[in-house]
Amino acid sequence: MLALVGLLSCGKEPIDESGLLITGRNQCFMTFFDLLGSDHRTVLVSGQTVIDTTALTVTAVAKFGTNIQRVKPYCSVVTDAIVEPTMGIWTDYTQPQKYTVVSGNRQVRKTYTVTVTVQK
Amino acid sequence: MKTITYSVLSVLGIWMLTTGCQTKDVTPDSLRNDLLKKTTGPAVVGDRIEFAYALGTTEGDLQNVKAEATIAGATGTGFSGYSWYTNRNTGVDQPVQTATDTVTNGTVSSAKIIDVATNKAVTLRYYYYPGEDAKGKDVSFRFSGTSSSGKEVSYQSPTYRISRMDMKRSLALVDGAKAYVSIADMAVYTKAEVEQNNLASKIDFVYIYRATLGTGNYAFGHAIVAPSNVDYLKDVTLPTGLAKTRTAIDKRVDVKDAQLRGTTGFDVYIDDLDLQQTTFPNAADYAYGFAADQGAFVKTADGAYAAYVYVNSVNNGSKSMTISIKRLKLN
């Protein structure tokens, strides 16, 4: 029995081109979104970020004075899912940005449009 | 063949075991020295490098110490006549005078150890203040000491690169008064001074304090704003002819430079490399909401200078802010 478990545990799991595990999960949605300023602190107004997993939109409000041309996005997604293109780089949010969430099994893709307005 | 190889290796092994572990009976030198560089930050003009030079003898008395720098230091360079010990009751370091006749002449500094029975081993501080002419150059030090028994020891330090940066501490900014900062001059001016001294083309940013701004009265606070920014300077009567230069300003909250802060306890330093390599893609021409210990990387509109502006303190009541600047000439 132990040998059988051992053999099964050594099975080769598929990985994607980034070396991330491809799993059986097909859930595909974003759970959290934030933007950081040049000082690596959030620029978003607390409680104003809305993630609509049906309409596939994210709307957020940045604080007065935010240099929206230079912010760094990051988000949380459902287990095993990934985001394309990669977040965590300085991005200009004067126009809405699109990010695609890809499920753990890499079969489901949902493209979110992120729109950020700045307090005037 | 194999047998011969094994035999040779065995003999060699036994020889190494018997000879390799032998220790020579060496009589320690009666006069010995050691050196510790206490300063961890970059060597910047306006600050100093601190060394602790230790000297001890088991024969006779300590007499003199000498340090020779490859480049003469600025005013203040030389030995201190005091050693330090920690008071066991209070935990506070206490000075005790162990040397006298501390003299610096050109590149050479010297001191005479005071002839008392407790001075068989002392550690003296040597301070080196880099001069303007040392910027960008390498400097090293040769420390030496003598004893009454006629012996002399010396210690050659590694080489240290003197920073090309300029540093200016404690510039007091006041909203509506001393508010116009020139990175080229490392100075702050009033509107009248800018106009009278034809400095309108040299101002890189303006200091303002507004508790709130915007239609929603949003928190704003202490800010530095490039002359190009019309939004935040629209209620400021700027000096006549002020050039609308767009200085790139990138705020930071976690770069507590120990030299600009002027206190120990922080091990973060802006070095030449930071100012050389900092990039400003899509950087703003303002930074706001400053609190003490925060700051901003700044690049002048003409690309001549990169700088780090550190906020030492802010005062909402007097609408004032004290800053310190490290600056590097880029071209």
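The values are calculated or read from the model by the stated rules, or taken from the named source; none is laboratory data. Note that the structure is predicted; figures quoted are calculated from it, not measured. Note: ideal-geometry Cβ built from the backbone for every residue, glycine included; neighbour counts use all protein chains shown. Calculation scope for accessible area: heavy atoms of the full protein, side chains included, ligands and nucleic acids excluded. Shrake-Rupley method; radii C 1.70, N 1.55, O 1.52, S 1.80 Å.
For segment B:171-288, list the helices (runs of 4 or more DSSP H) that sit wholly inside it and hold at least 3 residues that are at pLDDT 95 or above; which are they?
Passing ranges, in order: B:191-196, B:272-277.
Would you pick out the residues in segment A:76-102 that are under 30 Å from B:A223 (Cα atoms) and away from chain B (no Cβ under 11 Å)?
Of everything in segment A:76-102, those that are under 30 Å from B:A223 (Cα atoms) and away from chain B (no Cβ under 11 Å) turn out to be A:M87, A:G88, A:Q95, A:P96, A:Q97.
Can you tell me which condition B:Y310 does not meet? The list is (1) open to solvent by 30 Å² or more (accessible area, probe 1.4 Å); (2) within 14 Å of chain A (Cβ to nearest Cβ), and all the others hold.
B:Y310 satisfies all of (1) open to solvent by 30 Å² or more (accessible area, probe 1.4 Å); (2) within 14 Å of chain A (Cβ to nearest Cβ) except (1).
Given the options B:K191, B:K251, name the one that is in the same structural domain as B:D272 (by TED's automatic domain parsing), in contact with a Phe, Trp or Tyr (Cβ under 9 Å, 6 or more places away or on another chain) and open to solvent by less than 40 Å² (accessible area, probe 1.4 Å).
B:K251
Across segment B:289-307, what is the total count of residues that are part of a loop (DSSP other than H, G, I, E, B) and away from chain A (no Cβ under 14 Å)? Outline the logic, then answer.
Taking segment B:289-307 and keeping what is part of a loop (DSSP other than H, G, I, E, B), we get B:291-294, B:300-304.
Subset that is away from chain A (no Cβ under 14 Å): B:292, B:300-304.
The qualifying residues number 6.
Restricting the search to segment A:103-120, which residues are open to solvent by less than 70 Å² (accessible area, probe 1.4 Å) and either within 14 Å of another protein chain (Cβ to nearest Cβ) or β-branched (V, I, T) (or both)?
Passing the criteria: A:V108, A:T111, A:T113, A:V114, A:T115, A:V116, A:V118, A:Q119.
Residues that are open to solvent by 40 Å² or more (accessible area, probe 1.4 Å) and without any contact (Cβ under 8 Å) to a residue 12 or more places away in the chain: does segment B:281-290 have at least one?
yes
Does segment A:69-79 hold any residues that are open to solvent by less than 20 Å² (accessible area, probe 1.4 Å), closer than 17 Å to B:I249 by Cα and not charged (D, E, K, R), and which are they? Let's see the steps before the verdict.
At the first step, the residues of segment A:69-79 found to be open to solvent by less than 20 Å² (accessible area, probe 1.4 Å) are A:70-71, A:73.
Pick out the ones that are also closer than 17 Å to B:I249 by Cα and you get A:70-71.
Listed by number, the list holds a single entry, A:V71.
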